[in-house]
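Quick note: the coordinates plus some simple rules give every number you see, no bench work behind them. Note that the coordinates shown come from a computational prediction; the quantities given were computed from them, not determined experimentally. Methodologically, a virtual Cβ is constructed for each residue, glycine included, from the backbone with ideal geometry; neighbour enumeration extends over all protein chains shown.
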Amino acid sequence: MQAFTFRLRASVALLLVVAGGGVARAQFSMFAGAPNSLAPLVRAVAPSVVGIEVTEAPETSPPPALAPLQPGGHAHAPHLAQAAGSGFIISPDGMIVTNDHVIAGAAHIGVTLDNGEHYTARLIGADDLTDIAVIKILSSHPLSAARWGDSSTAQVGDWVLAAGNPFALGNSFTLGIISAEGRDIGDGPFTHFLQLDAPINPGNSGGPAFSMAGTVIGINSAIVSPSGGSVGIGFAIPSNSAAPIVSTLIAHGAVARGWLGVSVQDPAGGAQAADGGAVITGIEPGGPADRAGLVPAEMVLTVNGDSISGAAGLTRAIASMLPGSKVLLGVSRDNHIFQTLVIVGRRPVQLGE
């Protein structure tokens with residue numbers, strides 16, 4: 001059976017039954033197996049976890065899983081779509097981190113705190129390549145904020161507590177372990193995910209993955225599943241990758257990324273594939289590559305002397321550069337290798353390399 005990768009925004013219409021259960025008295029040990037209870041940890045971190053409801057404008061073409069809502073008022077009013085996701089508060093003044101795909105195309109963003117309070121949020125900044133966004137709510141009182149953890153210290157086998165708003169049911173928590181590190185799931189060129197076996201489902205997008213110390217070591221973002229529900233394979237953006245992006249979004253509203261103005265793909269096979277590189281399949285008229293004289297069918301082998309591996313490798317290398325930077329590309333054309341100087345442009349939103 002084929003498995004598919006899903007981003008985890010959920011339709012608010014997909015409401016399932018809720019299962020309840022009791023909790024035992026807490027007793028943690030660094031060397032014991034599973035903790036007797038996670039109740040103290042949940043109580044500590046729950047106030048920082050939020051549910052997010054998004055109303056989308058009709059022109060955003062929501063995914064098929066989103067159920068259209070009947071509009072009130074005029075019979076010919078445009079249909080809106082509503083979706084749900086998760087997030088977590090990172091500052092007492094109401095800054096909240098979530099996934100870009102949760103709020104992309106939103107006409108209205110609503111936030112529900114763990115205590116049931118509702119707010120309207122405004123977008124501070126978003127980065128589609130890393131799938132990270134920051135929104136903000138205004139509260140009359142300081143809010144409980146989560147703390148960033150150090151994902152570089154996370155190990156395969158460490159316990160992890162995943163939190164979020166699955167199927168728009170409200171905040172819930174699931175326990176699992178980090179089952180792998182550095183996963184590349186083909187969902188954007190920048191993030192090498194933590195793989196988790198804690199159950200996460202549609203609606204968990206943007207929610208935090210907590211360490212047993214109560215710090216955020218990841219942002220839950222995707223699952224692999226043949227059905228769309230949890231089969232125990234989920235993925236989180238590591239905190240050490242996410243935190244700098246979040247800081248940039250708060251400061252500037254966007255991440256300034258380099259751009260060549262080319263479409264690229266991996267080599268098809270043969271000797272060229274063994275050498276790595278990225279094949280140019282299209283040129284943006286007037287873009288940086290066009291001005292530098294690059295043409296389709298050429299293959300970019302190096303960036304400032306460093307070999308690149310495939311289209312994603314080229315995208316990562318260029319996007320990490322500031323617009324206006326000069327970059328020396330090693331290019332292969334008709335089995336001849338030459339160097340081309342390109343002035344890097346600024347990457348437009350939602351466009352390729």
Given charges at Cβ of Lys, Arg, Asp, Glu: segment 258-346 dipole, positive-most of MET321, MET299, SER309: MET321
In 10 Å bins starting at 0, how do the alpha-carbon pair distances of segment 258-346 split up by percent? 19, 60, 20, 1
Show me the ranking of peptides 244-256, 311-323 by mean Cβ neighbours inside 10 Å, starting with the highest. 311-323, 244-256
When you count, for each residue, the other Cβ atoms within 10 Å and take the mean per peptide, how do 98-107, 300-309, 150-159 rank with the highest first? 98-107, 300-309, 150-159
Summed side-chain charge close to ILE245 - residues other than ILE245 whose Cβ falls under 12 Å, Lys, Arg +1, Asp, Glu -1: -3
Once R0 is set to 45 Å, what does the formula 1/(1 + (r/R0)^6) return for the Cβ-Cβ distance between ILE250 and ASP334, expressed as a FRET efficiency to the nearest 0.05? 0.40
On a full-extension model of 0.36 nm per residue, what is the gain between SER37 and GLN265, subtracting their alpha-carbon distance, rounded to one decimal in nm? 77.2 nm
Report for segment 258-346 the percent antiparallel among DSSP-assigned beta bridges with both residues inside it, nearest 5. 95 percent
